[in-house]
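Participant: Following this message is one structure expressed as structure tokens.
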Amino acid sequence: MKCLVVGHLVIDKIVGKGRSETRMGGGAYYSALALSRFCRVKVVTSVGSDFPQEWLDELRERGISIEILPSVESTSYELRYIDGNRRVLTLLSRAEPIRELKVGNFDLVLLNPVAGEISPELVAELAGKRFIAADVQGFIREPAPGSLRLKPIDGAFLKGVRVLHADLTEFEYVKGLSPSDVEVLLLSDGPNPGIAYFMGKKYRFKPVRVNVPESTGAGDVFLASFSYFHMRCPFVQALKRAIAFTALFLERRNFDATDGEIGEMAMKVSVEKLPSQGL
């Protein structure tokens, strides 16, 4: 199975609880690593000469191919953690947008922007023609440097996307899009119960609780792993396995969980069908 992941690789500056570190991040990074556990992955991104070469080599060593669109500088965020699930984001710099995309014969195309680098027009062009998965976060963020600011958007361009993920609060910024406009809508709320829609039918899911110092990448791993499992499993099974895989990632900060471990953790996940009235 071949998967294409699109979005900026990011220079993340993590601050919190007496520690500070700089490392590779971004939705495309975490989604690509999650998918590399199951399939062949290519990343299309834009970075500048300030992006460490050893980070790119790290991805290639995991079998991930990278197409780099040139940029003067890379996208960089400061992530200041208040606790394991709450953080304050500041956009420090932004790489060039990704204006064109050749999707070839990929089985899954995952769009995971972090700073408006993928245009609504590009999404609308692809939606309905391929198995497209997307995350809302990068479409509602203002791309100007400074404290993170969210903006309302007309979500009509997302119609036809097969799998769409958003934080519950983020989805409030998406106007003109109902759950039935996409095949699957995943609305997560950190460690709290989330809501999922499949073909307009509403479900509540409860993540496996894990005590971790930070949750960076959780939503990206959840979207990527669910998209893969959804192509292989019935909806509820795919949802449980994706939640399990994400919990194991948060516990270990790696992607090496075995199929047996994923299955065992999935048995602890609760999913219930709800009346489908409203969000």
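Participant: GLU121 to ASN105: extension gain in nm, 0.36 nm per residue of separation minus the Cα-Cα distance? Numbers along the way, then the final one.
Facilitator: On the way: separation 16, 0.36 × 16 = 5.76 nm, distance 2.07 nm.
Extending this stretch completely gives an extra 3.7 nm.
Participant: In what order do THR169, THR216, THR45, THR75 fall by count of nearby beta-carbon atoms within 10 Å, going from fewest to most?
Facilitator: Starting with the residue having the fewest Cβ neighbours, the order is THR169, THR216, THR45, THR75.
Participant: Could I ask something else about it? Treat the count of other C-beta atoms within 10 Å as a stand-in for reagent exposure and order LEU164, LEU33 from fewest to most.
Facilitator: By the 10 Å Cβ count, ascending, the order reads LEU33, LEU164.
Participant: For the range 2-274, give me the percentage of DSSP beta bridges that are antiparallel, rounded to the nearest 5 percent.
Facilitator: Numbers: 31 of 68 bridges.
Given both bridge residues lie in the range 2-274, the antiparallel proportion sits at roughly 45 percent.
Participant: In whole Hz, with x marking every Gly and Pro, tabulate ³J(HN,Hα) for the range 184-199 from phi via Karplus 6.51 cos²θ - 1.76 cosθ + 1.60, θ = phi - 60°.
Facilitator: 10, 10, 10, 10, 9, 9, x, x, 8, x, x, 10, 10, 10, 10, 6
Participant: Given [x] -0.54, -0.71, -0.86, -1.12; [y] -0.29, -0.46, -0.69, -1.34; [z] -0.37, -0.52, -0.71, -1.21 as candidate values of log10 I(q)/I(0) by the Debye sum over Cα atoms at q = 0.08, 0.10, 0.12, 0.16 Å⁻¹, which corresponds to the one derived from the coordinates?
Facilitator: Computing log10 I(q)/I(0) by the Debye sum over Cα atoms at q = 0.08, 0.10, 0.12, 0.16 Å⁻¹ and matching it to [x] -0.54, -0.71, -0.86, -1.12; [y] -0.29, -0.46, -0.69, -1.34; [z] -0.37, -0.52, -0.71, -1.21 gives [y].
Participant: Mind checking which lysines have their C-alpha under 26 Å from LYS201, skipping anything on the same chain fewer than 8 residues away?
Facilitator: The reachable lysines, counting only those whose Cα sits under 26 Å from LYS201, are LYS129, LYS159, LYS175, LYS240, LYS268, LYS273.
We did not get these values from a lab; they are worked out from the coordinates using the rules stated. Computed from a predicted structure; not experimentally measured. Neighbour counts are summed over all protein chains in view; Cβ atoms, including those assigned to glycine, are modelled from backbone coordinates with ideal geometry.
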